[in-house]
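Below: one structure, written as structure tokens.
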Amino acid sequence: MPLIRRGLQLVRFQLEQFIVRGTLSRLIVIALTMIIIAVAAGLVAYSVLPRADYADHSAAIWWAFLRLTDSGYLGDDQGIWLRAISTTLTVLGVVLFVGALIATMTQWLNDTIETLEAGYTPIAKNDHILVLGWNNRTAEIIDQLVAAEGRVKRFLRSRGAKRLAIVVLAERVSPALTAELRDVLGRSYKRRQIILRSGNPLRADHLKRVDYAHAGAIVLAAPEFVASGTPDERTIKTLMSAATAHAGLDPEALPLMVAEIYDADLLATARSIYPGPSEIVGTAEIIAHVLVNAVRTPWLIRICNELLAGHDDPEANRFYVRIVDDELVGRRLTLLADDYEHAVLIGLARDGGFLPVHGDDDVRVAAGDRLAFIARSYDDCLPVEGRAAASTPRAARVPRRMRERPVRRVLILGWNQKLPSMLAAFAAHHHEEARIDICSALSIAEREAMLARQGISVSHMALRQIEMDTTAYAQLSGLDLTDYDVVVLVASDWLGSAEAADARLLLCHLVLRRALAAADADPRLVVETMAEENASLFAESGIECLVSPVIQSNLLSQIALRRELHWVVAHLFGARGAEIALRNAVPTGERHHRESVAALAAGAAAKGEVLLGILHGRHGPQRIELNPRDRDTEREFGPDDRLIVLESEVAESAADSPADNTEDTDQGPLTRSV
């Protein structure tokens, strides 16, 4: 018995393995089963009820097969036993021939359609934009690629292409991804324009599935929420896979790789991996510097939102780069600013770097250079014919000295991958003293390990790490909230998703408001949120809100279309680059002042600065006017108005001056844990 039982198990197992091989195996099993039934029934009918119609056994078997496959023969049979056999055959035929066959074919069709929808079929495209991976920002990246119509047309024209095609390589394509794209893009969604393919960017054969070698540009966004490790590990591995897959190809013919790296220390490493043209974007470093400068300069986030975030406002200003015309070659960069009436010339992009317009008076425009502007459209970046170029007198370059070393008291609630870069940005301002408290439920040991791994040095800062639940009123109210000038709320990426991070951020904000009211404290609030729809929840007066995923997505998408934009943004919002600052519009000692924007721009240029716009604060709520129109008409400015300028040099403090080198700069211990 055990031997028989084992034999039956073996037969069932082998039958199962044969059936699961595929549709053909299932059809063979159905056919064999029908043949066996037809043979058995035919032999029974011939032996039990022999008829003259049955010339031999084969005729009886054929009779049984016809009843098994076609119920129409059932009325031809006579006699109870013959009808019983034919009826049984007909019922079995419905179950096997009709039911099993239809079920098998239906399953095959479903599997085929599902496989086609999943996108396993290799594509054949040229000059498409390839997005590797799917995360919480992929749909936003695609939306901003589709929305940048003018930049897309110039991108296609430069490559000789006619139509924009976007290909996404996701781990598993599903109807949910398509639904998310439809929800984000709305009427801009075109199924023929956006192609989804299933695959792992870490595998070279899956990269070939999306025809990566013939892409116009590749966008590699780092996953912000990872279960283990760091976001950069996957990015580095993908770059290595792409480099391996490109073996044997001419590096100059490879597509542009736009990859995102969070750890600033890994930027140089990532640049050395990909053999072709690449722009490795430190978006975390850029966002961190925006947040730090927002702490130092009020309203800066609103300025950055207009310049860096993608939106549909035709009056909004953005960064543009335009290749220089032949007639401009050889001219001094500082003398070109007055040639542009509808745009603000901020500098020149050259060989992967950026030269501010007033950074060096001896810089001359060369062939192949790109001029960088702030403008409302690309066409506004054309020089005005017949407009005389003014030679702005330049004052002697003397570093601006501060009378005293300012002290900034900052409370940061939350922790994410950008915090090390934020602390590095604070540390870069040696002329300022920062006293920073960081509160998070993430353990102090993990935070300090991350800082040590990235080599963050904050010797002139007083940094205090506090382990606490930022959504607990009892713990938050235990802090001396009156001691802070600015409170920064950051979304915590260790929670696992953007939704969870923003939910906790909103709760933290509500608890903070209650604690501030109880303590009668009124610091400035700076908030980093992960979803654009949640920004309206922080629309209170005095709260500056930055939606970092939108800015990150816009940077990656626009750099893929115009790589020189990275050179500009990395300088303006990177480490030790130029800075956006506010200046009083009214001279000292005056209450009101009348002057044209052109005169104000000339005055800023004389100090080595670029006038970007005006922060109006006299009438009603404050508003920002970048790239002002009607520059020659005089305006009246009040004591609350500010000029928005781009500094080419960072102010030097008394502590940094050789004459004041006796000042004690020891600010105490690096980190104090509580």
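The residues in segment 556-585 that are surrounded by fewer than 18 Cβ atoms within 10 Å (Cβ to Cβ) and either in contact with a Cys (Cβ under 9 Å, 6 or more places away or on another chain) or hydrophobic (A, V, I, L, M, F, W, C) (or both) can be counted, and the count is 2.
The residues of segment 247-263 that are more than 14 Å from the chain's Cα centre (by Cα) and over 13 Å from L130 (Cβ atoms), listed by number, are A247, G248, L249, D250, P251, E252, A253, D263. Of the residues in segment 314-324, at least one is closer than 30 Å to E252 by Cβ, part of a strand (DSSP E or B), of a type outside the set (D, E, K, R) and over 23 Å from the mean Cα position of the chain (by Cα). Does segment 250-261 include one or more residues that are touching a strand residue (DSSP E or B) at 6+ places or on another chain (Cβ under 8 Å) and at pLDDT below 90? No, that holds for no residue. Residue pairs whose Cβ atoms lie under 7 Å apart, sitting 6 or more positions apart in sequence or on different chains, and linking a residue in segment 214-226 that is within 17 Å of A245 (Cβ to Cβ) to a partner that is crowded, with 24+ Cβ neighbours inside 10 Å and of a type in the set (D, E, K, R), are L220/E260. Apart from one condition, L267 fits all of (1) farther than 15 Å from I141 by Cβ; (2) surrounded by 14 or more Cβ atoms within 10 Å (Cβ to Cβ); (3) in contact (Cβ under 8 Å) with a residue 40 or more places away in the chain; (4) out of contact with any Asp or Glu (no Cβ under 7 Å at 6 or more places or on another chain); the exception is (3). Taking residues in segment 102-119 that are hydroxyl-bearing (S, T, Y), and partners anywhere that are surrounded by 10 or more Cβ atoms within 10 Å (Cβ to Cβ), the pairs with Cβ atoms closer than 7 Å and at least 6 places apart or on different chains are T104/T23; T104/R26; T104/L27; T104/I30. Taking the listed residues A462, A491, A500, the one that is touching a residue at least 24 places away in the same chain (Cβ under 8 Å), surrounded by fewer than 20 Cβ atoms within 10 Å (Cβ to Cβ) and aliphatic (A, V, I, L, M) is A462, with no other qualifying.
None of I28, I4 is of a type in the set (V, I, T), at pLDDT 80 or above and not assigned by TED's automatic domain parsing to the domain that holds I102 except I4.
Each residue in segment 60-110 was checked for being surrounded by 14 or more Cβ atoms within 10 Å (Cβ to Cβ), at pLDDT 75 or above and among the small types (G, A, S), and 5 of them qualify.
Which residue pairs have Cβ atoms closer than 6 Å, lie 6 or more positions apart in sequence or on different chains, and pair a first residue in segment 428-450 that is crowded, with 19+ Cβ neighbours inside 10 Å with a second residue that is in a loop (DSSP other than H, G, I, E, B) and among the polar types (S, T, N, Q)? Matching pairs, first to second residue: H431/S653; C439/T470.
Checking the structure you have, find out if any residue of segment 282-292 is among the charged types (D, E, K, R), out of contact with any Phe, Trp or Tyr (no Cβ under 9 Å at 6 or more places or on another chain) and surrounded by 19 or more Cβ atoms within 10 Å (Cβ to Cβ). Within segment 282-292, none of the residues are among the charged types (D, E, K, R), out of contact with any Phe, Trp or Tyr (no Cβ under 9 Å at 6 or more places or on another chain) and surrounded by 19 or more Cβ atoms within 10 Å (Cβ to Cβ). Taking the listed residues K208, K190, the one that is free of Cβ contacts under 8 Å to residues at least 60 places away in the same chain and out of contact with any Ser or Thr (no Cβ under 9 Å at 6 or more places or on another chain) is K190, with no other qualifying.
When A519, A449, A491 are checked against the criterion of being within 22 Å of E544 (Cα to Cα), in the same structural domain as I412 (by TED's automatic domain parsing) and at pLDDT below 90, a single residue qualifies: A491. The single condition among (1) out of contact with any Pro (no Cβ under 8 Å at 6 or more places or on another chain); (2) modelled with pLDDT of 90 or more; (3) at negative phi that G330 does not satisfy is (3).
Among the numbered conditions (1) in contact with a strand residue (DSSP E or B) (Cβ under 7 Å, 6 or more places away or on another chain); (2) surrounded by fewer than 16 Cβ atoms within 10 Å (Cβ to Cβ); (3) closer than 12 Å to H128 by Cα, the only one that R172 does not meet is (3). For A599, the requirement of being touching a His at 6+ places or on another chain (Cβ under 8 Å) and either closer than 26 Å to V344 by Cβ or modelled with pLDDT of 90 or more (or both) is not met.
The values are calculated or read from the model by the stated rules, or taken from the named source; none is laboratory data. Source: prediction; values computed, not measured. Virtual Cβ from ideal backbone geometry, glycine too; neighbours counted across all protein chains shown.
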